[in-house]
Each structure stands twice: as structure tokens, then as C-alpha cells.
1. Please go through region B:170-179 and pick out each residue that is open to solvent by 10 Å² or more (accessible area, probe 1.4 Å) and in a helix (DSSP H, G or I).
2. Is it fair to say C:R61 is part of a loop (DSSP other than H, G, I, E, B) and open to solvent by 20 Å² or more (accessible area, probe 1.4 Å)?
3. Just to be sure I understand, how many residues within region A:89-133 are more than 7 Å from chain C (Cβ to nearest Cβ) and over 13 Å from C:L29 (Cα atoms)?
4. Tell me whether region B:113-135 contains one or more residues that are of a type in the set (A, V, I, L, M, F, W, C), assigned to a helix (DSSP H, G or I), touching a residue at least 40 places away in the same chain (Cβ under 8 Å) and surrounded by 15 or more Cβ atoms within 10 Å (Cβ to Cβ).
5. What single numbered condition from (1) facing chain A (nearest Cβ under 9 Å); (2) more than 15 Å from B:H66 (Cα to Cα); (3) crowded, with 23+ Cβ neighbours inside 10 Å fails to hold for C:S216?
6. Can you say whether A:T121 is among the polar types (S, T, N, Q), without any contact (Cβ under 8 Å) to a residue 60 or more places away in the chain and out of contact with any Cys (no Cβ under 9 Å at 6 or more places or on another chain), as far as the supplied structure shows?
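The values are calculated or read from the model by the stated rules, or taken from the named source; none is laboratory data. It should be emphasised that the depicted structure is a prediction, and the values quoted were computed from it without experimental measurement. All Cβ positions, even for glycine, are placed from backbone atoms using ideal geometry, and neighbour counts span all protein chains on display. Accessible surface areas use protein heavy atoms only, side chains included; no ligands, DNA or RNA. Shrake-Rupley method; radii C 1.70, N 1.55, O 1.52, S 1.80 Å.
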Amino acid sequence: MGLSGFFRRRRSVLPGFGLTLGLTLLYLSLIVLIPLSATFLKASTAGWSAFWHTVTEPRALASYRVTFGAAFIGALVNALMGLVVAWVLVRYHFPGRRMLDALVDLPFALPTAVAGITLTTLLSAHGWIGRYLEPLGIKAAFSPLGIVIALTFIGLPFVVRTVQPVLQALDPELEEGAASLGAGRWQTFRRVIAPELWPALLTGFALAFARAVGEYGSVVFISGNMPMRTEITPLLIITKLEQYDYAGATAIGVVMLVISFAMLLSINMLHWWSGKRYA
Amino acid sequence: MRWRTVWLFVLLCLGVGAGTAFAEHTVTLLNVSYDPTRELYQDYNAAFAKHWKETTGTTVTVNQSHGGSGKQARAVIDGLEADVVTLALAYDIEAIHEKAQLLPKNWQARLPHNSAPYTSTIVFLVRQGNPKQIRDWDDLIRPGVSVITPNPKTSGGARWNYLAAWGYALKQGGDEAKAKAFIGQLFKHVPVLDSGARGSLTTFIERGIGDVLLAWEHEALLASRELGPGRFEIVAPSASILAEPPVALIDRVVDRRGTRAVAQAYLEYLYSEQGQEIAAKHYYRPRLRAVIARYAQQFPQITLFTLEELFGTWQQAHATHFKDGGIFDQIYQPGR
Amino acid sequence: MRESRLSEPPAVRRFLIAVAVLFLALFLLMPLAAVFTEALRKGVGAYLAALWEPDARAAIRLTLLTAAIAVPLNVVFGLVAAWAIGKFDFPGKHLLITLIDLPFSVSPVVSGLIYVLLFGLQGWFGPWLAAHHVKIIFAVPGIILATIFVTVPFVARELIPLMQAQGTEDEEAARVLGAGGWQMFWRVTLPNVKWGLLYGVMLCNARAMGEFGAVSVVSGHIRGQTTTLPLHIEILYNEYHAAAAFAVASLLACLALVTLAAKTLVEWKTSQSLREPAHEH
């Protein structure tokens with residue numbers, strides 16, 4: 001396999017490769033690439049040193065920590081709970097399963113601002129959930145915890161929806177084989193099922209993480225926006241815009257874009273690589 | 001078969017959209033304004049339309065756009081076709097002149113009273129009975145008092161809050177260092193920085209967070225009288241800032257659209273007795289003596305200082321306090 | 001004996017179900033319940049009035065129009081891209097897939113801003129557009145563009161793995177039997193992916209109608225003219241009409257539920273059709 005496999009272009013009898021690839025590239029260029037390149041050009045108008053200064057000032061660094069940290073924890077929670085949810089939804093039968101299954105996509109459809117306001121209503125000191133957390137000394141709204149909760153909410157469908165189909169397609173003979181060879185259930189899971197799920201779980205994690213990093217609408221209501229502590233990077237972009245500093249705003253946007261792109265690309269490569277290995 | 005239904009649906013939607021988009025036979029104006037003026041201009045637009053119909057016979061429809069003051073100014077700079085802007089700070093209208101030259105430099109001198117037909121100030125909103133006994137600015141930095149104000153970086157109203165506090169500290173005979181210390185103390189008492197004034201009000205009223213809300217006087221009056229009667233009361237500090245939200249005509253837009261006359265009349269009518277009355281009804285402090293006298297009961301006596309006397313211009317105030325790396329940012333830098 | 005080795009002990013099973021249900025209840029059911037509770041706080045009459053008010057109806061119309069343009073375009077794109085990527089091998093494929101994914105991760109703030117940088121009065125094409133009286137930003141076209149951008153990945157992302165998994169045998173057989181390109185597409189490819197396609201359309205549609213951040217930047221917020229449903233919700237909320245805001249939000253939540261119900265139906269049908277021998281691999 002390796003490189004030669006990567007560059008091998010199978011001769012195909014199917015038509016339309018040139019046409020469809022051309023159209024894909026055209027559409028992507030018009031809708032995604034050209035508009036995104038505008039941010040790069042705008043960010044470069046201020047010059048390299050100004051760019052560097054903007055993206056490395058303490059407040060920006062603190063906001064990266066909050067944003068990427070909370071997104072990472074949120075995605076981690078989603079990976080773990082998403083795995084459990086997907087497992088339960090696929091493997092077990094219990095009343096209400098179908099409805100729960102259908103609910104999983106809700107975060108996609110609810111406007112993020114509504115999600116933010118609703119979560120804040122639930123979690124603030126007098127809310128349905130917040131009132132029980134408050135006596136325990138847990139501050140859920142207007143804290144880093146609130147950001148994590150909001151980001152978990154919006155990223156939830158990704159992990160469940162990537163792991164589910166793999167679990168469904170898993171060949172039962174593998175497990176039967178392992179069991180007949182005397183493996184315990186936990187051993188079977190670790191040695192047989194987990195390696196199959198791993199790539200999907202990773203993809204789900206990456207998508208949830210990438211989506212969470214850029215999220216603004218829901219977080220701004222629940223975070224409290226305290227500089228250095230709960231200020232997320234997209235909010236920093238807004239404050240730059242508020243000072244009519246387009247170059248600074250796009251500079252920070254570019255940093256987020258590059259990181260997200262690198263993340264997604266490496267995950268897609270990993271997917272391809274693991275696909276090759278297991279094929 | 002199913003695809004045909006889908007396409008029919010698509011065509012139907014397109015038709016409905018196109019049909020409704022362009023069906024106007026009257027003069028329309030677009031007033032781009034900031035967040036808290038929604039109720040004010042809803043009433044005012046109706047009154048002006050009636051007045052304009054009576055005097056000229058033409059029907060005028062005024063469309064409204066509301067949002068954070070800075071965001072709205074940016075939209076106008078980027079091409080939102082506002083005939084008039086009515087924003088929270090002169091700084092934002094100044095930016096429209098500087099960044100896009102959509103109106104001349106002397107815009108603020110074109111209408112009376114620095115182009116601010118109504119004024120307001122910053123007061124405290126506290127919970128009923130004033131349990132923390134908050135009387136003046138100094139009480140805000142007592143231990144255990146929690147203060148709600150939006151983020152000065154993203155909210156025009158919050159900048160007035162900040163400048164009012166700073167001005168008070170200066171007026172107490174303090175120098176710049178003392179004022180800075182006071183502001184630093186004050187923001188240590190702020191647990192949540194919402195992105196806008198309305199967000200802060202929600203945090204204070206709906207979520208029950210904080211002991212005192214720094215707010216526009218008109219927002220505080222609205223909250224105490226209409227949103228939660230009997231749950232809140234207003235505390236007037238000994239001194240506060242005279243906030244002058246300015247209005248302006250966007251020359252380039254009105255000349256292109258041919259709406260200069262009606263737009264001009266729209267702004268001037270704000271200074272008329274009827275306009276002033278509507279402003280006062282919505283708890284903005286009027287300029288016209290007759291109306292001031294009628295509504296004297298409504299507004300507490302506060303010593304008001306202006307931005308000009310303490311800070312010079314908005315540009316200077318902004319550069320010192322709110323720019324990246326300015327005094328507000330320094331408050332939150334670690335180790336200070 | 002074997003049975004127990006192929007599943008977990010009942011205690012573990014019950015524990016896992018409990019954890020999953022609790023998690024979903026906390027994170028999904030509670031917010032959903034909160035939306036409807038807030039919406040109905042002032043009674044059914046106020047609820048319906050909030051939905052029937054002229055500005056709300058204008059917002060509904062604009063939202064439908066936006067989705068009606070953005071979704072079909074992205075469906076065509078999704079089909080075309082999935083064909084190229086799913087059925088052929090070429091270098092740079094992963095880069096291309098990543099580019100399609102990219103709008104997922106671009107902050108909504110930035111995705112709105114890019115169109116302002118392009119078409120705004122101070123942007124690249126702004127002066128030219130203004131001179132020719134073409135309005136893109138702060139008008140309906142800008143809203144539609146931003147929506148298209150945000151929803152680009154959904155259909156393509158749904159179809160690419162499906163087409164990859166199905167391989168090329170069916171189409172090759174059709175070609176060998178003498179089918180033309182279009183014939184093959186309509187008769188073989190489309191039926192093979194139809195459920196995946198519908199699934200993608202639904203997610204795409206839900207997101208198109210629910211998008212807030214990007215649209216908020218390019219809309220100009222002119223009441224009754226350039227406000228979509230999510231923006232209308234924000235306006236109502238900012239005007240202290242919390243109940244009305246949640247009423248309109250519940251409309252979108254209902255849309256989510258309808259979408260989800262349809263999707264469940266689709267999945268059920270797919271699993272049925274997979275059991276038919278013709279589609280077995």
C-alpha cells in the first residue's frame with residue numbers, strides 16, 4: 001500500500017469524473033474558498049508584526065485557552081457519553097428508545113441563541129437545574145463549566161451519529177468468535193469492538209471539537225464573558241470589530257481557521273490511513 | 001412523483017418571496033438605531049407618519065433596525081442603507097464619517113443640542129427595599145455587593161456606565177490614579193459581563209443575579225415600572241454623566257434615495273413638543289422646557305457632568321479607556 | 001451461556017441505559033421542555049398571536065425562501081461532489097473532503113464577516129455593486145449566501161461515505177448493459193442513495209432554517225424585511241417578549257421534531273429496503 005496505493009488512479013468505466021470534479025471545485029471555490037481568502041487578505045493588510053502582536057496578546061492567548069480547552073473537554077464528554085448513547089441505542093431495546101434516538105439531532109435544528117438562552121435559564125441560580133447545583137457550591141451558568149455544557153450540547157449529535165452506523169454494521173461473527181475462544185465480555189469489547197469503533201469515535205470527536213471551537217451564539221449567553229477567564233475567541237473577534245479593527249478581527253479568525261483546518265485534515269487523513277490498515 | 005411535489009414547493013416559496021419583497025407605493029425611511037430605543041421609535045414612527053400625512057399628504061413608513069450601537073454603525077459603514085441613524089454614542093456616528101464619509105464632519109452641529117434631541121443618565125437599579133443599602137457609587141465597592149453591567153468593549157451603554165463611575169471618582173477630588181483604582185475595584189464586583197445592555201437587564205431581573213444594576217435611566221424606569229412593578233427601585237447617585245445619544249442624517253443615502261426632505265423632517269420632529277413628549281413618555285429626558293416641567297416628577301435630581309468637561313472628545317475617551325490595551329483591558333490583566 | 005457472552009450482564013446493561021437516558025434527558029429533553037414551557041407561559045392565545053403577527057409571518061416567509069434556495073443548491077453540490085469523491089480515486093481527495101468540512105468549523109461570526117468583506121460598501125466588490133444598485137449585504141441575497149455557506153457540508157458529508165461504501169459495481173454493471181450516463185444515474189445511483197440523500201436534506205434544511213450567527217452579521221436586522229426566524233426570536237427576546245420569543249423558537253423546535261420524525265421514518269424504510277435481497281452486499 002502506502003504512497004503507490006494513494007496515487008493509483010483506477011481506470012474507470014464510469015462517466016462524469018471530470019465534470020463532477022470540476023463542478024465541485026467551482027462551487028467550493030465560489031462559496032467557500034474565495035470568501036475565506038478574503039479573511040486572509042484582510043488580515044494581511046496590517047502587516048506581519050501587527051498580525052503577530054494581535055494573535056499573541058495575553059487576552060487572545062487566554063481566550064484560546066478557554067475556547068480550545070472548553071471545546072476539548074466538551075468533545076471529550078461527547079466522545080464518552082456519545083459512545084454510551086450510541087451503544088445503548090443500537091444494542092439494547094427499551095421503551096422510548098426511538099424517541100431518544102430522534103432527539104439526538106435537536107441541537108442541529110435549534111438556533112444557537114435559543115439554545116444559549118434556554119441553557120442559561122436552566123442553569124442559572126434560580127433555574128430548574130441551577131437551583132439544585134447552587135447549594136452544592138457548583139456554579140453552572142456564567143462559569144467555564146457553563147461554556148463546557150453549551151459546547152457539549154451543540155456537539156452532541158456528531159459522535160452519536162458517526163459511531164451509530166459503525167456499531168450497526170459490526171459483524172456479529174467477530175464477537176461470537178471471540179466469545180467462543182473464551183474471551184470475557186470486557187475483553188471482547190476491548191480487543192474486538194473497540195478497534196473497529198476507534199476511527200469513527202475519533203471522527204466524531206474531531207467534528208464536535210471543530211464545531212465547538214467556532215461556536216458563538218449559545219456561549220455568549222452562558223459564559224458571562226469575563227476577560228481572561230470566560231471570554232471565548234469568537235467574542236474577541238466581535239470586540240475587535242466593535243473598534244472597527246477589521247484587520248485584527250480577521251487575524252484572530254485566521255488563526256482559528258488554520259487550527260480547525262489542520263485538525264480536520266489530520267482526522268480525515270487518519271481515517272483514510274486506518275481504513276487502509278483495516279481494509 | 002415525489003420530486004415534482006418538491007419542485008412545486010420550491011417554486012411556490014420563490015413566488016411568495018418575490019411577490020412580497022417589492023410592493024411599496026409609499027416613501028420609506030430606514031432608521032438604524034441601538035437596542036433600548038425599540039419602544040421609543042415604535043411610538044415615534046407612528047406619530048411622525050401621522051404628522052407627515054397631515055402636513056404633506058404622503059404616506060411614510062419608517063423601518064427599524066436595532067442592535068448594539070457599534071454593530072449598527074458598522075452595518076451602515078458596510079452598506080446598510082440607513083436614511084437616519086440614532087445611536088448610543090457620538091463615537092459611532094463619528095466612525096461612519098471617518099470610515100465611509102457617508103456624512104460630513106460637522107454632522108453634530110447640524111441639529112440643536114449637539115444633535116441629541118433627548119438625553120439620559122446612568123442610575124442604579126436595586127432590588128425592592130434596597131437590602132444592601134446602596135446610596136452612591138462608593139457603596140458599589142463595599143464587600144459583598146455584586147454589580148451588574150454589560151461589557152464596555154461590546155456595549156455602548158456600558159461605556160456610559162464606565163465613564164460615569166470614572167467621572168464620579170474624579171469629581172470626588174480624586175486624580176487619575178484614584179479613578180483607576182476605583183474602576184478596578186468596581187469591576188472586581190462584576191460577576192457577569194453581558195454583551196449588551198438588554199442582556200444585563202435580563203441577567204439582573206430574570207436570573208436574579210447581582211445586587212445592583214448599572215443602567216440607562218430610561219431602562220431602569222422601564223424595568224421598575226413595567227417589567228417588574230414592586231420588585232425593583234431606582235437609586236439616584238449623587239453625580240452621574242449626562243448621556244447624549246445623538247441622531248444624524250446619512251447624506252449619501254438620502255441623496256441617492258431622494259429622501260432628504262422627509263428624513264430631515266423626521267429628525268427635526270424629534271425636537272418638537274410632540275416628539276419630546278413621546279421621548280419623555282419613554283423615560284428619556286427631554287430638552288424642551290415645557291415638557292421638562294411636565295415630567296419633572298419622573299426624573300430624580302442628579303448632578304450631571306458631561307463627557308466633554310471630563311474626557312474631552314469621544315475619540316480621546318475611547319483611546320484612553322476602551323481601546324485594546326486601554327485602561328479597561330489593564331483592569332483584567334493578571335498581576336494588577 | 002453463549003447469549004450472556006454476547007451481551008453484558010443485566011446490571012451493566014441497566015446501568016448503561018440509565019446513564020444514556022439520564023444524559024439525554026438532561027441535555028436534550030430539559031432544554032426542549034424549557035422552550036415549550038416558556039412559550040406557553042402566557043397561554044395558548046398569546047402563543048398563537050406571537051406566530052401570527054405580521055413580522056413573524058414575514059420572518060417565516062424569508063426563512064422558507066432562504067431554505068428553498070440554499071437546500072436545493074447544496075443537494076446538487078452534494079450529489080456532484082459525492083460522485084466525484086465516492087466513485088473515483090485521485091490525489092488530494094482528503095484535502096478536498098476537508099475543504100468541504102471546513103464550513104462546519106468556521107465560526108459563524110467569521111462566516112458572516114467574509115461576505116461583508118466581499119460585498120460590503122468597503123469590501124472588494126462593494127463600490128461596484130453600489131454603483132449598479134445591486135444589494136447583496138443587508139438584503140435577502142446576503143442572507144441566502146451566508147446560509148448556503150453554513151450548510152454546504154451536510155448533503156455531501158452524508159453521501160460521500162455512502163457512495164464509497166456502495167462501490168462502483170452496480171454502476172459498472174449498468175454501463176456494461178448499455179445504460180447512458182443519465183440513465184445510470186437516475187436508475188441505479190439515485191435509488192441507491194435516496195435515503196441517505198433525504199437524511200442529508202433534512203439536516204441541511206434544519207440547519208438552514210436555524211442558522212443565527214452568520215445570518216445575523218449580514219442581515220441588517222430590518223424588522224419585517226431582513227429578519228429570519230432566529231433573528232426574529234432575538235428581536236423579541238430583546239424587547240422583553242420572552243414568551244413570544246420562545247413561541248417562535250418552539251416553531252423551530254417543532255421543525256426539528258418533524259425533521260426528526262421524518263428521519264426516523266427514513267431510517268426505518270432504509271433498514272427495510274436493506275433487507276431486500278437486491279440491495280444486499
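1. Across region B:170-179, the qualifying residues are B:L170, B:K171, B:E176, B:A177, B:K178.
2. In short, no.
3. Adding up the residues that qualify gives 17.
4. Checked against the condition, which is being of a type in the set (A, V, I, L, M, F, W, C), assigned to a helix (DSSP H, G or I), touching a residue at least 40 places away in the same chain (Cβ under 8 Å) and surrounded by 15 or more Cβ atoms within 10 Å (Cβ to Cβ), region B:113-135 yields no hits at all.
5. For C:S216, the exception is condition (2).
6. Yes.
Every residue, every condition in (1) more than 9 Å from chain A (Cβ to nearest Cβ); (2) of a type in the set (G, A, S); (3) crowded, with 24+ Cβ neighbours inside 10 Å, yes or no:
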site: C:Q166; (1), (2), (3): yes, no, no
site: C:A173; (1), (2), (3): yes, yes, no
site: C:M184; (1), (2), (3): no, no, no
site: C:G200; (1), (2), (3): yes, yes, yes
site: C:A249; (1), (2), (3): no, yes, yes
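This table checks each residue for (1) under 22 Å from A:A113 (Cβ atoms); (2) small (G, A, S); (3) crowded, with 21+ Cβ neighbours inside 10 Å; (4) in contact with a Lys or Arg (Cβ under 8 Å, 6 or more places away or on another chain).
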position: B:A181; (1), (2), (3), (4): no, yes, no, no
position: B:H189; (1), (2), (3), (4): no, no, no, no
position: B:V192; (1), (2), (3), (4): yes, no, yes, no
position: B:S200; (1), (2), (3), (4): yes, yes, yes, no
position: B:R225; (1), (2), (3), (4): no, no, no, no
